[in-house]
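This report refers to the structure that appears directly beneath it.
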Amino acid sequence: MKKEELRIVYMGTPGFAVESLRALVEEEYNVVGVITVPDKPVGRHGSVLQPSAVKEYAESRHIPVLQPEKLKDECFLSRLREWKADLQIVVAFRMLPQAVWAMPRLGSFNLHASLLPQYRGAAPINRAVMDGETETGVTTFFLTHEIDTGRIIRQKRIPVADTDDAGVVHDKLMKAGAELVVETTRLILSGEADTLPQEQLCQRLSELRPAPKLDKETCRIDWNRPLKKIYDFVRGLSPYPAAWTELVTPEGNRQAVKIYQTEKRPALHQLPAGTVVTDNRKYMDIAVPDGYVRLASLQLAGKKRMNAVDFLNGFKRLEGYTVI
């Protein structure tokens, strides 16, 4: 079978998934349809419907789109069968029921933004950076009943610099993932897609690190942790959803602050963790057990993101302030 004859259905939602879809289209694979989420209400009264990034791209290339509310709905399944897909490719979408992933004769494969079996879950990019990993990558694997556990087809590794935040790593993985999706599709088409069970890799690891969904409390900074841990925590959540803390006045008033970028300042001191140390003009440091976290980019609730100098210009004095 030629690649122009291979009928592909693509499933995805955010910008991360657009890159792989674009790569398939530009390589002239036959993408017969796209599945994505329903348009999202936005605006003050939710009167405007915002399509997903994948839908916008698909429509720009005149690719048919389905947007089911429920993936087990028989009407949706009937329309999906009409596309007669040989292969389904899933990138940053939802967990699929067996009725969907088992439909194509060549199966369905997923692109996951980690080196499986590490960082199974909804937030693999954030979690890898938060953990201070120096390497991560992307994995393609065949879908099965348990999420993120199917047989691995291929992996592609990328380095993570100490200065990379989650946004930088996201973009690296997006590009690497698109290349891997095209390579995996080619291997499946040619019958050369040998696979490896994840259980075999699990046996070689001293620990498995999960990547569960992030929530507000997960993103709160614990200033009693070591300097490097806090530094990695902040960059792992930047630019989204962002690490946060509360700035506390000497009178006990609190104000939420998002922290986007920091610098490491190792030092010996006797200050309690969370003490604010500043010259009120150029720098703002937070005492931690083994040094100071210098704040470089932050945002008060209801304000725009700014650098530390602009932030300090909005305060007269910060003596006696702490963060918790």
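The values are calculated or read from the model by the stated rules, or taken from the named source; none is laboratory data. Bear in mind the structure is a predicted one, so any value in this text is a computation, not a measurement. Heads up, the Cβs are rebuilt from the backbone with ideal geometry, glycines too, and the neighbour counts pull from every protein chain shown.
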Qualifying strands (runs of 3 or more DSSP E) (wholly inside the range 34-129; at least 2 residues being within 20 Å of Pro197 (Cα to Cα)): 87-91, 108-112
Hits in the range 240-267 - residues which are closer than 14 Å to Asp285 by Cα and either without any contact (Cβ under 8 Å) to a residue 12 or more places away in the chain or not in a strand (DSSP E or B) (or both): Ala267
Close pairs from the range 149-163: first within 16 Å of Leu173 (Cα to Cα) and in a loop (DSSP other than H, G, I, E, B), partner polar (S, T, N, Q) and modelled with pLDDT of 95 or more, Cβ under 6 Å, at least 6 apart: Val160/Thr134; Val160/Thr136
Yes/no for Leu196 being out of contact with any Gly (no Cβ under 8 Å at 6 or more places or on another chain) and within 16 Å of Ala92 (Cα to Cα): no
Any chance Thr185 is outside the structural domain of Val288 (by TED's automatic domain parsing), among the hydroxyl-bearing types (Ser, Thr, Tyr) and surrounded by 16 or more Cβ atoms within 10 Å (Cβ to Cβ): yes
Flag if Met174 is under 26 Å from Lys264 (Cα atoms) and assigned by TED's automatic domain parsing to the domain that holds Gln88: no
